[in-house]
Amino acid sequence: MLDHLSLFPATKEQAVESRLRSYESWGRPYGVPIEGYLDRKNTMAGLEMAAEGRWTSWVLAPRDDPETLDFMCSCETLRREVIVYQKDNSDSTDLWKEEKIGYGVASVYTLPKNRGKGYARHMMRLLHWVLASPSAFPSPFPEAWGKAPAVPEGLGQGVVSVLYSDVGSQFYKACGPCPGADGWMAAPHIITTWSMETTLQESGPASTQDKWRLVGKDKLKEIIDGDSELIVEEAPTLESPDAQTAFTFLPRKGLAEYLYRKIDWYLDQMTVPPQQWGIESTAGYPGRNDFAIWTFELLPNSPKTLLITRLRCQKDALSEMLAQIAVYAKQIGIERIQIWNLPEGLKDEAGKTGAESAPAEEHLASVKWYGGEPSSVEYLHNEKFAWC
Ligand SMILES: CC(C)(COP(=O)(O)OP(=O)(O)OC[C@H]1O[C@@H](n2cnc3c(N)ncnc32)[C@H](O)[C@@H]1OP(=O)(O)O)[C@@H](O)C(=O)NCCC(=O)NCCS
């Protein structure tokens, strides 16, 4: 029985302790300096994504000692802006939309000595009850779990939470808000990869340079803010014919920023430190907002990767844009370019430029929907920017 335990927002000391624990899995093996990782001020290095109460660390701890540093396990949540789209009925193509609140869940961690006792599963089952309204669930809070966790001010209003599972698709599915209800369900998650040599050959010479401009970090906020405005304004086309509902996160307010601000320690491994973090169309493409922004993945025993974190590109421009990215990537020693969940409308064009697509084997996008019981919910713009 785990009813003597509950979920609590971590104290500052507990949050630091949780990072001290997970450093052994996510810090030390990648050469991350410990002081940066511990973030003793508890501001997530001052990143905007964590500001204004967006970021919360959580612990599963005894009800009678909630502030103990000997807590059972921990995780983090990040509040984000969500746009929800809904069809009027199953035959309709018209969508109405609403701005809502959603959450990303990250850093689920149990110390090795505490593993296999059901702690992480119980923490994740309880987490739903602080992220969403009780009316989102098929039954009241289970009596066998004791009293429901207290919902801190500002929480409890989410329509969706997402996480990216590194422990397969079953563990989080089994963490439902009550017995018999599913937890986070794996969403489609396809990785598209261009190897550098193939991309350069298939896309032809970089003869369209005047239509494109590489951009440094200082330009990214402007691109991300403009992109978020466009996402709010536009009406998407849903890819799944069954989908009645769809949602997207907005990249602004620091969400897309994390992937180019928090990796400086990592870039020391590159012989040429990257100066360019995106590309945008210029006046050569009047009225267009085509762009890509990226981060770098430099993992042990893995090809050096330029990972596109958000892409807005019309079909006719994809191969040109890639050729430009590939020329730059090659200069700095990158071996491949990747993107998560390329839109359906760009897949053929990507194939012509030598891309290969395959289901993700790690970081599996997983969704828990709290906004009613539609038959199918489509996760739009499920690109790397939304992963944290
Ligand atoms: C994954 C983790 C959080 C589980 O914590 P825990 O408190 O031991 O979890 P529970 O006791 O509630 O549940 C254990 C279940 O998780 C499963 N599990 C644990 N690690 C797993 C893995 N790497 N892949 C698949 N399943 C895994 C166990 O098989 C067990 O399933 P069972 O009950 O059907 O036998 C813990 O192993 C951990 O901290 N690992 C390192 C960090 C990590 O990978 N976090 C998840 C990131 S998405």
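The values are calculated or read from the model by the stated rules, or taken from the named source; none is laboratory data. What you see is a predicted model, and the numbers here were worked out from it, not measured in a lab. Every residue, glycine among them, receives a Cβ derived from its backbone with ideal geometry; neighbour counts consider all protein chains shown. Quick note on the areas: whole protein, heavy atoms, side chains included, nothing else; ligands and nucleic acids left out. Shrake-Rupley method; radii C 1.70, N 1.55, O 1.52, S 1.80 Å.
Considering segment 347-388, and only residues there that are acidic (D, E) and outside any strand (DSSP E or B), the residue that is most open to solvent (accessible area, probe 1.4 Å) turns out to be E361. Applying the condition of being within 15 Å of the ligand (Cβ to nearest atom) and assigned to a loop (DSSP other than H, G, I, E, B) to segment 151-178 and asking which residue is surrounded by the most Cβ atoms within 10 Å (Cβ to Cβ) yields C175.
Considering only segment 305-335, state which residues are hydroxyl-bearing (S, T, Y), touching a residue at least 40 places away in the same chain (Cβ under 8 Å) and open to solvent by less than 10 Å² (accessible area, probe 1.4 Å). Steps first, answer last, please.
Taking segment 305-335 and keeping what is hydroxyl-bearing (S, T, Y), we get 305, 309, 319, 328.
Checking the rest, the ones that are also touching a residue at least 40 places away in the same chain (Cβ under 8 Å) come to 309, 319, 328.
T309, the sole residue that qualifies.
Those residues that are within 16 Å of the ligand (Cβ to nearest atom) and open to solvent by 10 Å² or more (accessible area, probe 1.4 Å), I need them from segment 122-141; list them, please.
Here is the first cut: in segment 122-141, the residues within 16 Å of the ligand (Cβ to nearest atom) are 122-128.
Answer for segment 122-141, where residues must be within 16 Å of the ligand (Cβ to nearest atom) and open to solvent by 10 Å² or more (accessible area, probe 1.4 Å): just R125.
Within segment 12-68, the set of residues being modelled with pLDDT under 95, part of a helix (DSSP H, G or I) and buried (at least 19 other Cβ atoms within 10 Å of the Cβ) comprises M49, A50. Screening S107 against (1) in contact with an Asp or Glu (Cβ under 8 Å, 6 or more places away or on another chain); (2) within 8 Å of the ligand (Cβ to nearest atom); (3) in a loop (DSSP other than H, G, I, E, B) leaves a single unmet condition, (3).
Give the residue that is farthest from the ligand (Cβ to nearest atom), with candidates limited to residues of segment 179-199 that are open to solvent by less than 40 Å² (accessible area, probe 1.4 Å) and within 12 Å of W369 (Cβ to Cβ). Before you say what the answer is, go through the steps one by one.
At the first step, the residues of segment 179-199 found to be open to solvent by less than 40 Å² (accessible area, probe 1.4 Å) are 181, 183-184, 187, 189, 191-194, 196, 199.
Filter again for within 12 Å of W369 (Cβ to Cβ), leaving 181, 183-184, 187.
Values: A181: 17, G183: 12, W184: 10, A187: 15 Å.
Ranking the candidates gives A181 first.
Of all the residues in segment 1-11, those that are of a type in the set (A, V, I, L, M) and not in a strand (DSSP E or B) number 3. Within segment 69-88, being open to solvent by 20 Å² or more (accessible area, probe 1.4 Å) and closer than 27 Å to E229 by Cα holds for R79, E81, Q86, K87, D88. Entry remark, segment 103-147: residues being within 20 Å of C388 (Cα to Cα) and out of contact with any helix residue (DSSP H, G or I) (no Cβ under 9 Å at 6 or more places or on another chain) number 6 in total. If you go through segment 90-104 one residue at a time, do you hit one that is within 28 Å of S133 (Cα to Cα), open to solvent by 20 Å² or more (accessible area, probe 1.4 Å) and polar (S, T, N, Q)? Yes - at least one qualifying residue is present in segment 90-104.
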